[in-house]
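One structure is given here, and the rest of the page talks about it.
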Amino acid sequence: MKKEVLEKLKQNPRLWELIERRERFSWTMAIILLIGYYSYILVIAFDPKLLGRPIKEGMVTTIGIPVGIGVIVFAFILTGIYVYKANKEFDVITKELQESVKDLL
Amino acid sequence: MKKALLLLLPSIALLAAGSAQVSGKRDLNISAIVMFLLFVALTLFITYWAAKRTRTAKDFYTAGGGITGLQNGLALAGDYMSAASFLGISGLVYLKGYDGLIYSIGFLVGWPFVLFLIAEKLRNLGKYTFADVVSFRLKPGPTRTLAALGSIATVLLYLIAQMVGSGKLIQVLFGLNYAYAVIIVGVLMILYVTFGGMLATTWVQIIKAVLLLAGATFMALAVMVHFGFSLEALFEKAVQTHPDGIKIMEPGGLVSDPISAISLGIALMFGLAGLPHILMRFFTVADAKEARKSVFFATGFIGYFYVLTFIIGFGAIVFVMKNPQYLDETGKIIGGNNMAAIHLAHAVGGNFFLGFISAVAFATILAVVSGLTLAGASAISHDLYASVIKKGKVDEITEMKVSKIATLIIGILAILLGIAFEKQNIAFMVGLAFAIAASANFPVLFLSMYWKGLTTKGAFRGGLLGLLTAIILVILGPTVWVDVLGNPEPIFPYKYPALFSVTVAFIGIWFFSIIDNSPEAKEEREKFEAQFIRALTGIGAEGASKH
């Protein structure tokens, strides 16, 4: 990146807004994912019987089934939320920043 | 060269049909062979089409950067849904029930992680390989050498595992001699990659992903129809059939202690973010937005696929486990647990569908090894040859030539090693590939994008330390020390070393970076801001080529 492009971008408060909001959002999502996944793994490691209980008296299906499928759906929904928000909010600011230095490129 | 492609087709057909007839290992499966030949014909046609469009190095490495998010999502999913994961996970569910689901969840959760923290920055900083990103502000010599070593090690281990698995699978499915099977896979993969580059490799992967998803959907539906779409009814019947009874509905012994559980999770999650053939795919799309979309689609397809394999595994318990047609004299399943899905295909769809699934399994192997070979060849030609040896002073034509020669060498090596390892225990190889990806490639890539303090010395020494720790701990652990070398007790007690080797890598990189007070290190830290802004905004990033 050319020096003048960088300088111009750095003077733009929208850049700092993007950095702050975007990084915070990415890390929040990553931490939610880690908490969700590792809670599941730690239940399996420390108390596997918890997931082995039937969902209803007399049924074969255990709690582990909806929980496990739930983790898969949870992971997919998180990616959906991320893409939605990035497309809607962050891309607008990114476009704006790209436009602002277009003449210098 | 295009003529050569077309001429090869009939000879492969003859080879396949001929050896299937002479081998008595399994009845001649005509529908499987016909469908497989159709697939080969189609993919060679695509290679021919792609060859005409592959002129520049950018075309060769990244398909010109014009792949859409949906297409790349399918291709990424295709790279991940290997024959090993389709047959292996459904086989694991067949054997252990619920534990198979735990494994597939581990394989899936790496994807959102890659999306949130890696994919877009990678796309905005790199050109052809992830080493581009690592060497963005660090010295290319040492950092690219390390990244290339990590890539080649990961690719070769993965490739040998796939080759051996495919040889054995094709032997059972088509009744083809093991060596012939490995040679056919190797030759086709060399053709796709050398002539068609990333464009052909991507389309082969997309077609196979669609076929595999369609086949697995049909199987799962056929099972569910039988039980009136009630999972409870399916599970009930499976519990009655399986010797472990109700135990298959709860977590078993697969992840028994917390250390192993966490370590496996780290290996799968960070390993994905360090697999060179996956990372390379993010350069095939136009921009960060498409990169982002592609992970969304990939996560959806892979998640859906794992739900299907779970149903397929349970379906196999019901339809295969007690059916004498699929059992040998001792009552064991013919071909081993990994054949559960294949036998189920026959049980629910007859010979024709068995042929279809067999052909899809073969296609899956071809597509996955092609992607791996391309990633390995790129590490050699782009990272080692063009950047380290020639210091960037090389024209595109020569670089492409080197990468085609590298493809040929990797292909021949894969065939030879595939044959050499036929009777060896190779179960540790995929685990080791993931461990190296997580402990060497990932920490360096991740810190280069997020930590200002990273220096060349830190990245090189710390990354090397992670690489060595991963290899040593796998050798001293149960999978090699006990299972391969035959010692009674492992020196390192855990099967998955990632928790330790990833930690060593991060601490090593941190330590060797902070003690580095050289003028170069100062300069490298100063360059971080500009890199970070480009990573975030995409300003100055590589665009798609126009044609």
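When you filter the trypsin sites (Lys or Arg not before Pro) in the stretch B:420-469 for DSSP loop state and at most 13 other Cβ atoms inside 10 Å of their Cβ, you are left with B:LYS423.
Which value results when the Cα radius of gyration for the stretch B:455-529 is divided by 2.2 N^0.38 Å?
1.47
Here is the size of the stretch B:339-404 from its Cα atoms: Rg then Dmax, 20.3, 59 Å.
Equivalent-ellipsoid semi-axes for the stretch B:379-459 (Cα gyration tensor, √(5λ), whole Å, largest first): 28, 25, 7.
Dipole of the protein assembly as shown computed with +1 at Lys/Arg Cβ and -1 at Asp/Glu Cβ about the Cα centre; of A:ALA45, B:GLY186, B:LEU231, farthest Cα towards the positive end is B:GLY186. Taking every alpha-carbon pair under 8 Å whose residues sit at least 6 apart, the stretch B:25-537 reaches a relative contact order of 29 percent. A cut-off under 13 angstrom between Cβ atoms defines the neighbours of A:ILE41, and their net charge, with Lys, Arg +1 and Asp, Glu -1, is -3. In summary, the lysines within cross-link reach of A:LYS49, defined as a Cα separation below 18 angstrom excluding same-chain residues under 8 places away, comprise B:LYS96, B:LYS247.
Panel note: the C-alpha atoms of the stretch B:163-272, placed on their principal axes, show extents of 52, 41, 30 Å (largest first). Other residues lying with their Cβ under 14 Å from the Cβ of B:LEU76 contribute a combined charge of +3, Lys and Arg counting +1, Asp and Glu -1. Report the percentage of all Cα-Cα pairs in the stretch B:78-187 whose separation exceeds 22 Å, rounded to a whole percent. Percentage above 22 Å: 55. Excluding same-chain neighbours fewer than eight residues apart, the aspartates and glutamates reachable from B:LYS423 by a Cα-Cα span under 16 Å are B:ASP483.
Based on DSSP H runs of at least 4 residues, each adding -39500 (n - 2.57), what is the mean residue ellipticity at 222 nm of chain B after dividing by all its residues, to the nearest 500 deg cm²/dmol? Theoretical 222 nm ellipticity from helices: -24000 deg cm²/dmol.
Each Lys or Arg adds one and each Asp or Glu takes one away; over the other residues whose Cβ falls under 14 Å from the Cβ of A:LEU78, this sums to +2.
Find how much the distance from B:GLU422 to B:HIS226 grows on full extension, using 0.36 nm per residue of separation minus their present alpha carbon separation; answer in nm with one decimal.
So the chain would gain 66.7 nm between B:GLU422 and B:HIS226.
In chain B, which whole DSSP H runs stretch at least 20 Å along their own axis (Cα) and average 0.5 or higher on the Kyte-Doolittle scale?
B:2-22, B:30-53, B:99-114, B:140-174, B:178-226, B:258-272, B:288-319, B:340-378, B:396-420, B:456-476, B:498-514
When GluC sites (Glu not before Pro) are flagged only if DSSP places them in a loop and at most 16 other Cβ atoms lie within 10 Å, the longest unflagged stretch of chain B comes out as B:1-328.
Equivalent ellipsoid semi-axes for the stretch B:25-537, as square roots of 5 times the alpha carbon gyration tensor eigenvalues: give them largest first, rounded to whole Å.
Over the Cα atoms of the stretch B:25-537, the semi-axes work out to 38, 26, 21 Å.
Ellipsoid fit via the Cα gyration tensor, the protein assembly as shown: semi-axes of 39, 30, 24 Å, each the root of five times an eigenvalue, largest first.
Ratio of Rg to Rh for the stretch B:268-423: 1.09 [Cα atoms; Kirkwood radius as inverse mean 1/r over pairs]. Between the residues B:VAL93, B:SER82, B:TYR61, the greatest Cα displacement towards the positive end of the dipole of the stretch B:33-148, with unit charges on the Cβ of Lys, Arg, Asp and Glu, is found for B:TYR61. For A:LYS10, the lysines whose Cα comes closer than 22 Å to its Cα, not counting residues fewer than 8 places off in the same chain, are A:LYS2, A:LYS95, A:LYS102, B:LYS121, B:LYS452, B:LYS522, B:LYS527.
Values in this text are rule-based calculations from the coordinates and carry no lab data. In this text, all values refer to a predicted model and were calculated from it rather than measured experimentally. Because the Cβ atoms are built from the backbone with ideal geometry, glycine has one as well, and the counts that use them run over all protein chains shown.
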